[in-house]
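Participant: I have a structure I would like to understand better, so I am pasting it below and will then ask my questions one at a time.
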Amino acid sequence: MWPTTVMEVLFAGGMLALLVDIGGGASPAVRRYGAGLVVCLAAATSLVVLASDWSRSLGGAVTLQPVEEPFATLYVADRFTAFTAFTVLVIGLAVIGYSLRYFESGRQGPFYALLSILLGSIVGVVSAGDLLALFLFWEGMTVTAFGLVTYGRAALSMEAGLKYFLMAGVGSLLALYGIAAVYFTAGSIRLSAIGAALGTNFGELGLIVLLVGLGVEAAVVPLHTWLPDVYSASSLPAVSIISGAVTGVGVFALFKVLQPLVPGGGVAPMIPPDQFGPTNLQAVLAALALVTMLVGNLSALLQGNLRRILSFSSITQTGYMLAALATLNVVGLVAVVFTIWNHGILKSNFFMMIGRKNASIEASQLESLRGAGRGNRLLGFLYASCSLAMMGAPPFGMFWSEVLVVESLLVAGQMSGALFYFLAAAVVLNIVLSIGYYFRIVNTVVFGDAQGERDARTVRDLLPSASLLGLSLATGVFPFLILGTVL
Amino acid sequence: MIYWAWLSWAIPLLGVPFVPVVSRISGRLRGWFAVAASGAGMAAALYGAATFARGGTEGLTLWFPSLSVTLQVEVDQLSVLVSAFVSFVSFLVVVYSLGYMKDEPGQTRYYSLILLFVGSMMGLVMSGNLIQFYFFWELVGVCSALLIAFWTDRPAARKAGMKAFVVTRLGDSSLLIAVIFIAAVFGTTSFDAILGPGGIQTLGAGTIFALGLLMFIGAMGKSAQVPLHVWLPDAMEGPTTVSALIHAATMVNAGVYLMLRMYPVITLPQLAGSLTTVILGVGLLSALVGGACAMAADDIKRVLAYSTISQLGLMFAAIGLGSLAAGAYQMISQGLFKALAFLAAGSVITALGTREIDRMGGLARSLKYTYVGFLVSMLAMSGLPPLVGFWSKDAILAFASGAGAPQTALLLAAFALTALYSFRALLRVFHGKPSAEGSPPESPPAMLVPIVVLVLSVLAAWVILQSQPLLSSTDWIPGAQTLAESLLVLAAFAGVAYYAFLQNYQRTVSGIRSSGVLRTGQGLLHEGLGFDRAYAALYSGLLKPMSAAASRLQTGLIEFNMGLVLLVSAALFALFALGVL
């Protein structure tokens, strides 16, 4: 089954990358590209494995290798997990391709090894079938992500990494308390049994604590404060993967915990469908979603630094996804997974486009980037298209994501009334607000007068970006390819 | 399969990726390729209009599964007529571009976006369901923003592009809610289903009103109605060809078209006319505000932009008064004479290199073709029979007379303003003392041919239009009273314009300068009645402080960050202890 095979391939790839890095010292070409190519091969193989095993995963949840029958389900392979794993691997592959040209010299084996293990851990988080597996891979993900953030050991990235590690550590701790409480009340650590914890006060408390713990990684306001620092201080390949995959998977972890509560969400519904009005859990999630999208947007509006604009925009997107999750309906689930895809490929793309020349915080000021897209027209086209796509304009995939998020809210509104109608209005108005800063990016970077040295990146350098943009375009023009056949 | 209905919008859209390819072969070929692509689309649409016998919907493939959206075309009296008109005007503008944009840099971008713009508008017109409609609706908005900002080295153009995008998106978000609500309730957004007996009319009156209002707000953004009109006057920062497309064929007509499509809903009996009253009110207000501001504008394209707001207001007034045919007719006639006005204005701007009316004058002799074009356009806009603008205006007036005296009075006031600003523009630009040295050269044939074709259309299109299935059931012969009223207003205010703006221009100017009230009024109109200032105040008074407050959360201090995590945990524990959770 794909979760185990993919993880084995990725972890083995990571180890092998280190070995190649140590052993292949003689030839400069091997030194520079060896480890990266090994990891690239591992990610590509994983994609093939995933794709070839896809049809078998589509029938719903598949339980694998029960450790201790009534308590544990190691992995679940259904359409949501398969598609999210696909998202992560595609972004991972693009980031590896980008890194191969980004790092000009020296051994980068540890970087690729960390990247490969991070991808493997994420696949573990995505496909985990019980809370313990989720927690273990979650920790693996956090640790490797910390390694990537601090890679290169620049002072600023060390500080950002420390912040990330402390906050994610507290989040993990809270999550662990939550898991213990859920296990105590539900008598099982299976994700599908979470609904049983809702029956008691202690179980509900456990669920809430668990959500808060996982919410740190998803950057739910006010647990988000690590994210802008990490996005602005770490190296671009690291931010590309963290912004594209890790933050999205943080939301997906919330998704996994809430999925069992959704009627028709793959497991038996735990919330009585005849009850009108939002439950308290929904109300809390909706309030957090509102605050998250608003704070993200408002903070981005006056920012002058591209990296910080992008990081606050990620927080906004978390808000949209949280809003879709709060609906606890199937459309909301699809909306979340689809947004992780659409947002992930664009956001990691944005960081790749910044380029090494402008990697430092000072150089990623919008003013320093002024006219970069005028000097290099391919780059300008990419910047303009990605910005438009992030504004939710057709013909890009984000457009349909937003349609789905609003749809889930309006469907929920018919079930539970005004709260979700209000949230739908908040989402569409926030989308308008985000035009403010994305258009500013286009205005400065693409339309601004070129200054300083021309960005000399060629088609080969920008190939990963162009491919990801192509995927976004394909999703927008042919949405049925993903929504009809895959999700 | 109804091939023409698919080809009319697919050909321009499929042409878009080929523009960069063709431009590699030859720069000259690029423009002709765009002409060919839009021409082929037009041929398909005209064929459809000529052979139209009965309506129908045709689906091709499942497009967006979650809302079970099929890619489909809707062929009926409305879409056939509007698609033929849109493609015709767009084609002429693309031909005109061959001359107008000849020496401009960035032509690959220009022609790609123009084809995308035209194809999206055609796709919007032919859409068979609301989701597809909304997809193209947004695409039209994106193209217009990028084309308005085409001259990217001008900060004003970039700002105008962004403004257009933000303001129209504001309206769009309201439309999006309505569209998805309908999809969520009915499981389909196909026009056949939602406008039919089992569709929207089965909902409660309050819900229908809310839906209609949300859609109308979307239409207000796209069709530049007060107070969402502020983007249109600034949009003239783009090339004149783009203005012609936006004002005549593609962008602003989308909102009117939406209301025409939804006409069965907004006139449902259970609404008791509440929605049409709102539409009528906004339409009349926009007609007056647009007309008044056009009086004070001193940029020739700005005059035309405000006149579009005013003319669009008349279309909504027609719909609000309960006449779909008059609204559609007004949309088409406005499209024809406004395209003509912009193409003629573009010719003037090319000849003189300025847009300021005060630096023009006496051009009638040197720019003969252009003069005839502008003259015919202004006469049609002010409603001179039997030009194309006359029939729809009189029909609207007849409906207003049926509705009551206040409506009639407001409409006549809008007509009076139209005559005033049209003749002011005409007389200041083409008559009086020449301000330019020598005689500026007339434009090349590529620019004059579309002008001539449009002149002929404005003169004679009514013959064809009134035999179209959608329009033929209405009686277009005006009654004696409305004819007398409108002609009287036209003659009187054309005379006033002649007296004030040609014969005694210096006295008019000094008269306004010396009177405090008139001077204040002119200043107020000149800056568009302060709508822009109000929006700016809203931004700096509300959004900016909120944004500053939000960024204060990001202190960068670890203690503070950890404190927030603890605070959230404590708050949730407290909620739990209180029994809320």
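The values are calculated or read from the model by the stated rules, or taken from the named source; none is laboratory data. A quick note: this is a predicted structure, and the numbers were derived from the prediction, not measured. Cβ atoms come from the backbone with ideal geometry, glycine included; neighbour counts cover every protein chain shown. We work out accessible area using only protein heavy atoms, side chains counted, and drop any ligands, DNA or RNA first. Shrake-Rupley method; radii C 1.70, N 1.55, O 1.52, S 1.80 Å.
Participant: Just checking, which of B:476, B:462 is in a loop (DSSP other than H, G, I, E, B), of a type in the set (Phe, Trp, Tyr) and touching a helix residue (DSSP H, G or I) at 6+ places or on another chain (Cβ under 8 Å)?
Facilitator: Details: B:462 fails: in a loop (DSSP other than H, G, I, E, B).
On inspection, the qualifying residue turns out to be B:476.
Participant: In the range B:80-130, which residues are open to solvent by less than 10 Å² (accessible area, probe 1.4 Å) and not in a helix (DSSP H, G or I)?
Facilitator: B:101, B:127, B:128, B:129 - these are the residues of the range B:80-130 that are open to solvent by less than 10 Å² (accessible area, probe 1.4 Å) and not in a helix (DSSP H, G or I).
Participant: While we're on this one: Residues that are within 14 Å of another protein chain (Cβ to nearest Cβ) and within 27 Å of residue A:229 (Cβ to Cβ): find the helices (runs of 4 or more DSSP H) completely inside the range A:73-188 holding 2 or more of those.
Facilitator: Details: elements: A:79-102, A:109-127, A:131-149, A:155-186.
Result: A:155-186.
Participant: Considering only residues that are buried (at least 24 other Cβ atoms within 10 Å of the Cβ) and more than 10 Å from chain B (Cβ to nearest Cβ), which ones fall in the range A:207-235?
Facilitator: Answer for the range A:207-235, where residues must be buried (at least 24 other Cβ atoms within 10 Å of the Cβ) and more than 10 Å from chain B (Cβ to nearest Cβ): A:210, A:214, A:217, A:218, A:219, A:230, A:231, A:233, A:234.
Participant: Hey, another quick one. Being open to solvent by 10 Å² or more (accessible area, probe 1.4 Å) and closer than 22 Å to residue B:324 by Cβ narrows it down to one residue among B:286, B:223, B:190; which is it?
Facilitator: Numbers: B:286 fails: open to solvent by 10 Å² or more (accessible area, probe 1.4 Å); B:223 fails: open to solvent by 10 Å² or more (accessible area, probe 1.4 Å).
Result of the check over B:286, B:223, B:190: B:190.
Participant: Regarding the range B:520-538, can at least one residue be identified that is open to solvent by 70 Å² or more (accessible area, probe 1.4 Å) and within 14 Å of chain A (Cβ to nearest Cβ)? Spell out how you get there, then give the answer.
Facilitator: First, the residues of the range B:520-538 that are open to solvent by 70 Å² or more (accessible area, probe 1.4 Å): B:520, B:522, B:524, B:526-527, B:533, B:535, B:538.
From what's left, within 14 Å of chain A (Cβ to nearest Cβ): B:535, B:538.
Checked the range B:520-538: at least one residue is open to solvent by 70 Å² or more (accessible area, probe 1.4 Å) and within 14 Å of chain A (Cβ to nearest Cβ).
Participant: Would you confirm whether any residue within the range A:331-351 is more than 17 Å from the chain's Cα centre (by Cα) and part of a loop (DSSP other than H, G, I, E, B)? Before you say what the answer is, go through the steps one by one.
Facilitator: Applying the first criterion (more than 17 Å from the chain's Cα centre (by Cα)) to the range A:331-351 yields A:331.
Now drop any that are not part of a loop (DSSP other than H, G, I, E, B), which leaves none.
Checked against the condition, which is being more than 17 Å from the chain's Cα centre (by Cα) and part of a loop (DSSP other than H, G, I, E, B), the range A:331-351 yields no hits at all.
Participant: While we're on this one: Does residue B:162 meet the test of being open to solvent by 20 Å² or more (accessible area, probe 1.4 Å) and in a helix (DSSP H, G or I)? Can you show your working first?
Facilitator: On the way: open to solvent by 20 Å² or more (accessible area, probe 1.4 Å): yes; in a helix (DSSP H, G or I): yes.
Answer is yes for this residue.
Participant: So if I check each of A:42, A:85, which one is touching a Gly at 6+ places or on another chain (Cβ under 6 Å) and either more than 28 Å from residue A:194 (Cα to Cα) or modelled with pLDDT of 80 or more (or both)? Let's see the steps before the verdict.
Facilitator: Working: A:85 fails: touching a Gly at 6+ places or on another chain (Cβ under 6 Å).
Of A:42, A:85, the one residue that is touching a Gly at 6+ places or on another chain (Cβ under 6 Å) and either more than 28 Å from residue A:194 (Cα to Cα) or modelled with pLDDT of 80 or more (or both) is A:42.
Participant: Assuming residue B:177 fulfils every condition listed in (1) within 30 Å of residue A:446 (Cα to Cα); (2) open to solvent by less than 40 Å² (accessible area, probe 1.4 Å) apart from one, which condition is it?
Facilitator: Against the list (1) within 30 Å of residue A:446 (Cα to Cα); (2) open to solvent by less than 40 Å² (accessible area, probe 1.4 Å), residue B:177 comes up short only on (1).
Participant: Could you check how many residues of the range A:344-372 are modelled with pLDDT of 90 or more and open to solvent by 10 Å² or more (accessible area, probe 1.4 Å)?
Facilitator: 0
Participant: Considering each residue of the range B:48-74, count those that are more than 14 Å from chain A (Cβ to nearest Cβ), over 18 Å from residue B:183 (Cα atoms), open to solvent by 10 Å² or more (accessible area, probe 1.4 Å) and not hydroxyl-bearing (Ser, Thr, Tyr), and give that number.
Facilitator: Selection size over the range B:48-74: 8.
Participant: Hey, another quick one. If I ask for residues that are open to solvent by less than 10 Å² (accessible area, probe 1.4 Å) and more than 7 Å from chain B (Cβ to nearest Cβ), which ones from the range A:419-433 would you list?
Facilitator: Result: A:420, A:423, A:427, A:430.
Participant: Checking the conditions here, which among A:440, A:460 is closer than 17 Å to residue A:95 by Cα, in a helix (DSSP H, G or I) and more than 23 Å from the chain's Cα centre (by Cα)? Show your work before the answer.
Facilitator: Values: A:440 fails: closer than 17 Å to residue A:95 by Cα.
Only one candidate passes the filter, namely A:460.
The rows are residues; the columns are (1) closer than 25 Å to residue B:554 by Cβ; (2) touching a residue at least 24 places away in the same chain (Cβ under 8 Å).
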| residue | (1), (2) |
| --- | --- |
| A:170 | yes, yes |
| A:173 | yes, yes |
| A:184 | no, no |
| A:189 | no, yes |
| A:195 | no, yes |
| A:198 | no, yes |
| A:212 | yes, yes |
| A:216 | yes, yes |
| A:219 | yes, yes |
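Participant: Moving to a separate point now. Please find, within the range B:542-570, the residue that is farthest from residue A:228 (Cα to Cα) out of those that are open to solvent by less than 50 Å² (accessible area, probe 1.4 Å) and outside any helix (DSSP H, G or I).
Facilitator: B:553
Participant: I need the full set of residues from the range B:105-154 which are more than 11 Å from chain A (Cβ to nearest Cβ) and either within 11 Å of residue A:394 (Cβ to Cβ) or among the hydroxyl-bearing types (Ser, Thr, Tyr) (or both), in order please.
Facilitator: Correct list: B:110, B:111, B:127, B:144.
Participant: Hey, among the residues in the range A:439-460 that are more than 10 Å from every other protein chain (Cβ to nearest Cβ) and open to solvent by less than 40 Å² (accessible area, probe 1.4 Å), which one's nearest to residue A:398 (Cα to Cα)?
Facilitator: To start, the set of residues in the range A:439-460 that are more than 10 Å from every other protein chain (Cβ to nearest Cβ) comprises A:441, A:445, A:450-460.
Add one more test, that the residue is open to solvent by less than 40 Å² (accessible area, probe 1.4 Å), and what stays is A:441, A:445, A:455.
Numbers: A:441: 18, A:445: 21, A:455: 28 Å.
So, considering only residues that are more than 10 Å from every other protein chain (Cβ to nearest Cβ) and open to solvent by less than 40 Å² (accessible area, probe 1.4 Å), the one nearest to residue A:398 (Cα to Cα) is A:441.
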